[in-house]
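Right, one structure below, let's go through it.
The values are calculated or read from the model by the stated rules, or taken from the named source; none is laboratory data. Since the structure is predicted, the reported quantities are computational estimates derived from the model, not experimental observations. A quick note on method: Cβ atoms are made from the backbone with ideal geometry, for glycine too, and the neighbour counts reach across all protein chains shown. All accessible areas refer to the heavy atoms of the entire protein, side chains included, with ligands and DNA or RNA removed. Shrake-Rupley method; radii C 1.70, N 1.55, O 1.52, S 1.80 Å.
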Amino acid sequence: MSLPLEYPVTLPDGQKYSQPSGLFINNEYIKSKSGATLESINPATGEVNGAVYAADSEDVDIAVDVARKAFKSWRKVTGVERGILLNKFADVLQEQRDLIGAIEAWDSGKTKEQNAVYDIDECISCFRYFAGWADKIQGKVIQNDPKKLAYTVHEPFGVCGQIIPWNYPLAMAAWKLAPALAAGNVIVLKTSEITPLSLLYVAKIFKDVGFPAGVVNILSGFGATAGKALASHTGVDKIAFTGSTATGKIIQQLASSNLKAVTLECGGKSPLIIRADADLDQAVKWSALGIMSNQGQICTATSRVYVHESIYEKYLTLLAEHVKTTYKQGSMFDSEAVVGPQVSKLQQDKVLSYIEIGKKEGARLVLGGEKNTDKDLAKGYFIKPTIFADVKPEMRIVNEEIFGPVVSVGKFSSDEEVIAYANGTDYGLGASIFTQDITVAHNLASEIEAGMVWINSSNDSDVHIPFGGVKMSGVGRELGEYGLSMYTQAKAIHVNLGTKL
Ligand code: NAD
């Protein structure tokens, strides 16, 4: 039986909508050439939410071809017009915030009221922010020789391939789509095979607000087929990827087929340092937020906490109490729930296996450390918020990305010692420092190997500020003006003002 291109859905909160299932190519939903499909699974119940068509390399070829044709006219559209379209798109997201938030929650396991709708707000901010840039992209005049006029224009790449993960299906798409479109590129984006629904629904809004056919193309599909075809496609000029470091390495290799430009936002194991002079109440709240939000499925999760030995036990007691009272676990449509299920069974199993590793390695379990088997949650992929203490630098739970609500806490006695701990992994995404000493704070920020450092907070990222990592956490930046610059390339124009040979 072939899958219909749209089907009616009633969400658990009672909202009704029509879910598209096709590949969004040339402003239409179409079936995949092979007829292959993939399923969205409800993380709170393990039941199938619905299926969508899955692209393979033939569908990627079609989408890239369509995008390349669209680029011919899209590149002539003014920045003002691009900005207007991006703002119109943000307006519709705003109007449909509650529905889109509910779809996102249903598909990904984010709790709707406490988590998913805020992602939609971030998408709206992101589209509005880059809409503002669309008519402010400027090159330079280079003044050296009076007999030569030299200037640069910042041109779009052309066809941008974009590959995103499941932990922020809409926000990760927004971080890529908005700057690429503002800069005048056309796009073929592949969603995660685990969370295909929300962006596929949102895709038609691009058509509705007036983006020309072929400018934005959204494909559901698996990494090993559609993702590989997109990253290696010689008709794609630039690839932007967010996902694991292991896949990021593969993307960089695939992109070498035509030396396409690459940006990679990969994994992390971000440290959070609490000095003896910190505001402990604030450190407790921010450190809990930095690992328990989004079920710990955040690339910048501050998953390693280092606390000065003089306040170590006090911090652990306060953290456990705060997490127990503030991070209530429940399903996506429980309005009081903050921590939902992990996105998939695979992810639940992976996190549980790390919890077992932590126990075997000798870390002290302070809280959680198991599946949540409460009556209403037993079928879902829930893991209780977990705190490990007394961790040592060589432990796997200290060095490897767990990507769940599991924090590893250790103690330190000097700034030199804690900097060595903080820089002791292959990752370099985020880092947090809690101290009241402004000089020490800036000195530590400069010594930490990370793309982002928060002083007296954690994970309060912002669309105006660049986001990205060093070491094996990635290449390039998203968001802010730096993020925009990843979607243009400078062309130098030399004009001879009279030099004769
Ligand atoms: P993943 O690497 O498994 O998959 C990411 C995407 O890559 C998916 O769309 C997948 O289909 C695709 N993919 C997989 N194999 C591929 C291949 N061989 N060729 C081309 N594409 C392929 O990651 P995930 O499990 O979806 O997401 C979790 C990871 O993402 C974590 O490591 C997390 O830290 C990272 N992440 C990083 C950031 C950041 O900004 N640095 C943000 C969010 C998530």
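Annotations for the structure displayed:
- Additional length obtainable on full extension of the chain from Ile30 to Glu47, 0.36 nm per residue less Cα span: 3.6 nm
- Apolar share of the accessible surface for region 1-112: 53 percent from carbon plus sulfur atoms, 1.4 Å probe.
- In this Cβ point-charge picture (+1 for Lys and Arg, -1 for Asp and Glu), the chain has a dipole of about 1620 debye about its Cα centre.
- Region 271-463: C-alpha gyration tensor shape, a/c 1.5 cut-off, then a/b vs b/c: prolate
- Packing-based ranking, highest mean first, of 150-163, 62-75, 317-330 given that Cβ atoms within 10 Å are counted: 150-163, 62-75, 317-330
- Prolate/oblate/rounded call for region 67-149, Cα gyration tensor, a/c under 1.5 rounded: prolate
- Modelled spin labels at Asn258 and Glu58, positioned 7 Å past Cα toward Cβ, are 2.1 nm from each other.
- Members of Lys260/Lys491; Lys31/Lys110; Lys76/Lys207; Lys136/Lys260; Lys112/Lys207; Lys136/Lys491 lying beyond 20 Å, as alpha-carbon distances in this model show: Lys31/Lys110; Lys136/Lys260; Lys112/Lys207
- Cα-based shape type of the chain, given that a ≥ b ≥ c are square roots of the gyration tensor eigenvalues and the cut on a/c is 1.5: oblate
- Helix 117-133 axis, angle to the chain major axis (alpha carbon atoms, nearest 10°): 40
- On a per residue basis, region 271-463 carries 40 Å² of accessible surface, using protein heavy atoms and a 1.4 Å probe.
- Charge dipole magnitude, Cβ of K and R +1, D and E -1 - region 271-463, Cα centre, debye nearest 20: 840
- Paramagnetic label zone (point 7 Å from Cα along Cα-to-C-beta, Ser413; backbone N under 20 Å) in region 272-300: 273-278
- Simple spin-label estimate for Tyr118 and Asp91 in nanometres, 7 Å along Cα-Cβ: 2.9
- Cα centroid separation - region 156-193 against region 66-96, whole Å: 13
- Other residues lying with their Cβ under 13 Å from the Cβ of Gly139 contribute a combined charge of +2, Lys and Arg counting +1, Asp and Glu -1.
- Hydrodynamic radius by Kirkwood, which averages 1/r over all alpha carbon pairs of region 326-415, in angstrom: 13.8
- Over region 271-463, relative contact order from alpha-carbon pairs under 8 Å, at least 6 apart, %: 29
- Per-residue ellipticity at 222 nm from helix content only, as computed over the chain with -39500 (n - 2.57) for each DSSP H run of at least four residues, stands at -11000 deg cm²/dmol.
- Helix 97-108 and the longest principal axis of the C-alpha atoms of the chain enclose an angle of approximately 70°.
- Only beta bridges with both residues in region 271-463 are counted; by DSSP, about 15 percent of them are antiparallel.
- Projected label points at Ser18 and Val77, each 7 Å from Cα along the beta carbon direction, are separated by 2.4 nanometres.
- On the basis of the beta-carbon distance and an R0 of 35 Å, Glu6 and Lys375 show a calculated FRET efficiency of 0.50.
- Segment Ile84-Asp277, extension gain: residue separation times 0.36 nm, minus the distance between their alpha carbons: 64.6 nm
- For the pair Gln143 and Asp208, a Förster radius of 60 Å applied to the C-beta separation gives a FRET efficiency near 0.85, rounded to the nearest 0.05.
- Dipole of the chain, positive end: most advanced residue of Pro146, Tyr482, Ser461 [Cβ charges, Cα centre]: Pro146
- Share of carbon and sulfur in the accessible heavy-atom surface of region 271-463 [1.4 Å probe, %]: 50
- Stretchable slack from Lys69 to Thr325, in nm (0.36 nm times residue separation minus alpha-carbon distance): 86.6 nm
- Candidates per trypsin sites (Lys or Arg not before Pro) in region 392-501, loop by DSSP, up to 16 other Cβ within 10 Å: Lys500
- Degrees between helix 280-292 axis and first principal axis of the chain (Cα, 0 to 90, nearest 10): 60
- Peptides 426-437, 276-287 ranked from most to least packed by the mean count of surrounding Cβ atoms within 10 Å: 426-437, 276-287.
- Only the Cβ atoms of Lys and Arg (+1) and of Asp and Glu (-1) were treated as charged; on that basis the dipole of region 305-393 about its Cα centre amounts to roughly 220 debye.
- The chain, relative contact order [Cα under 8 Å, separation at least 6], %: 18
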